[in-house]
Amino acid sequence: MVLGRVVGTVVSTHKSSKIVGLKFLLLELINPSSMEGLDKYVVAMDGVGAGTGEIVFYASGSCGRYTEATLGKPADATITAIVDTIEIGGKPTYVKNPEPETAK
Amino acid sequence: MVLGRVVGTVVSTHKSSKIVGLKFLLLELINPSSMEGLDKYVVAMDGVGAGTGEIVFYASGSCGRYTEATLGKPADATITAIVDTIEIGGKPTYVKNPEPETAK
Amino acid sequence: MVLGRVVGTVVSTHKSSKIVGLKFLLLELINPSSMEGLDKYVVAMDGVGAGTGEIVFYASGSCGRYTEATLGKPADATITAIVDTIEIGGKPTYVKNPEPETAK
Amino acid sequence: MVLGRVVGTVVSTHKSSKIVGLKFLLLELINPSSMEGLDKYVVAMDGVGAGTGEIVFYASGSCGRYTEATLGKPADATITAIVDTIEIGGKPTYVKNPEPETAK
Amino acid sequence: MVLGRVVGTVVSTHKSSKIVGLKFLLLELINPSSMEGLDKYVVAMDGVGAGTGEIVFYASGSCGRYTEATLGKPADATITAIVDTIEIGGKPTYVKNPEPETAK
């Protein structure tokens, strides 16, 4: 699976009947070590209710058709998880919504 | 799915009988942030009646066979949507046929 | 589909029984805007009787198995069309065997 | 199959029901000649109980769905082997847990 | 199909039961025009009994599962041919085991 950040949306009224009702999110691929964007983009079907700014991973190729939302549909990229944490070498490189520090 | 701009057409009279009757469009892949072309090209089957200059996205790989027009055909790239708007970070980077400004 | 120029052939006597009888052509991928070769190569099964020097496109991945010649075979690239013309922005970038100009 | 080093983990609570119960490992792709990391990453399903620091290879694309752990699931990368040795030109470039040298 | 040179082997004792009994060869991808290695590597299942130093091509992606040796297995790269000759523009760029020249 490929890691990306939800950066926006794509809207289409004129489209294949097979994908009517699906939501198209624009993802920028990221380097999970630096968490920087790679300036490479993909349009992904939203299978989990992801929102802008969230880090997600998606299933690519034919695997994009193997979620509840996209079975048998022409979906070569479907978001299958909203990421909570990424950890490399025992240290987190990404933590979603960290708890605010409490004043002591 | 992958974003591209329809830049032209490809014509072939000598071809597999499986793809007779399909229209072959030439797409240049784009960066949806800058909307610039990437000088990378793909021949896509037209599943939605797209025209030159339009921004589209297509289903790649085996997903190219999962549209009404291409079921069971050797189509590794099939246009599944004509894009109306692309929005990144809450701001549009692309709007199709914007309404002309009315003189005040 | 991917555009390439037939630049040569690959011969193998020791091969999978599944691909015995197929012809293996060597393609150099091209940029259809400049028509220059990209120095990237692929071995493609010949599904249409293509010859050296011709511009073709091929179906990649699993779509390579969806032609008459390659059904169910391990063919991840199968030529499905010999290209007559490529047109970008209304102007041809490639025309096969153009008619010779007649002296006036 | 693609070679990588297990460098970390990815955790998600909000995900497709199809992948609940699977473990997501973060791999950095490697060059098996130099054994250096390529700064390219993939999230892979763990099909063999791999641990951080191990060299593995994974099955990509639809093949990611053809292991016991991932049958029919949207898994485009599934670890299928923990590597013991890599040998190039008759010389090992990688040996897992080499026997410690005995003092003479 | 993709051309490569068999440069070594990969050994794994801890692996998916689906790939037990298969041999894993390490290939370096090549440019068939110069015959130079590209410093890009793939682990391929051996479907034809290839040996170190030989030039081969392999079927990638789902096509890797369509050989006798790998049917239904998670094999995204399976060698399907040992190459005898590669010819570009009518001239050989590679000939396997050429006949030694006879002294005149």
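Each reported figure results from applying straightforward, stated rules to the coordinates on display, with no laboratory input. Computed from a prediction, not measured in an experiment: that's the story for all the values here. Virtual Cβ from ideal backbone geometry, glycine too; neighbours counted across all protein chains shown.
In region A:2-95, Cα pairs under 8 Å separated by at least six residues give a relative contact order of 27 percent. Each Lys or Arg adds one and each Asp or Glu subtracts one; over the other residues with Cβ under 15 Å from the Cβ of residue D:7, this totals -2. Placing a label point 7 Å from the Cα of residue C:68 along the Cα-to-Cβ direction, the distances to the matching points in the other copies come to 2.8, 2.8, 4.5, 4.5 nm, shortest first. Taking every residue in C:5-11 and counting other chain Cβ atoms within 10 Å of its Cβ, the average works out to 6. Charge dipole (Cα centre; +1 on Lys/Arg Cβ, -1 on Asp/Glu Cβ; no other charges) of region A:2-95 amounts to roughly 360 debye. Taking GluC sites (Glu not before Pro) across region A:1-101, the ones in a DSSP loop with at most 13 further Cβ atoms lying within 10 angstrom of their Cβ are A:68, A:101. Simple spin-label estimate for residue D:52 and residue A:39 gives 3.3 nm between the two label positions (7 Å along the Cα-to-Cβ direction from each Cα).
For residue B:83, the shell of other residues with beta-carbons less than 15 Å away shows a net charge of -1, using +1 for Lys and Arg and -1 for Asp and Glu. With a Förster radius of 51 Å applied to the beta-carbon distance between residue C:96 and residue D:97, the computed FRET efficiency rounds to 0.30.
Net charge of the neighbourhood of residue A:48, taken over other residues with C-beta under 14 Å away and scored Lys/Arg +1, Asp/Glu -1, is 0.
The alpha carbon centroids of region B:42-71 and region C:1-73 are separated by 22 Å.
Total lysine pairs in chain D at Cα distances under 24 Å, for residues eight or more apart or on different chains: 10.
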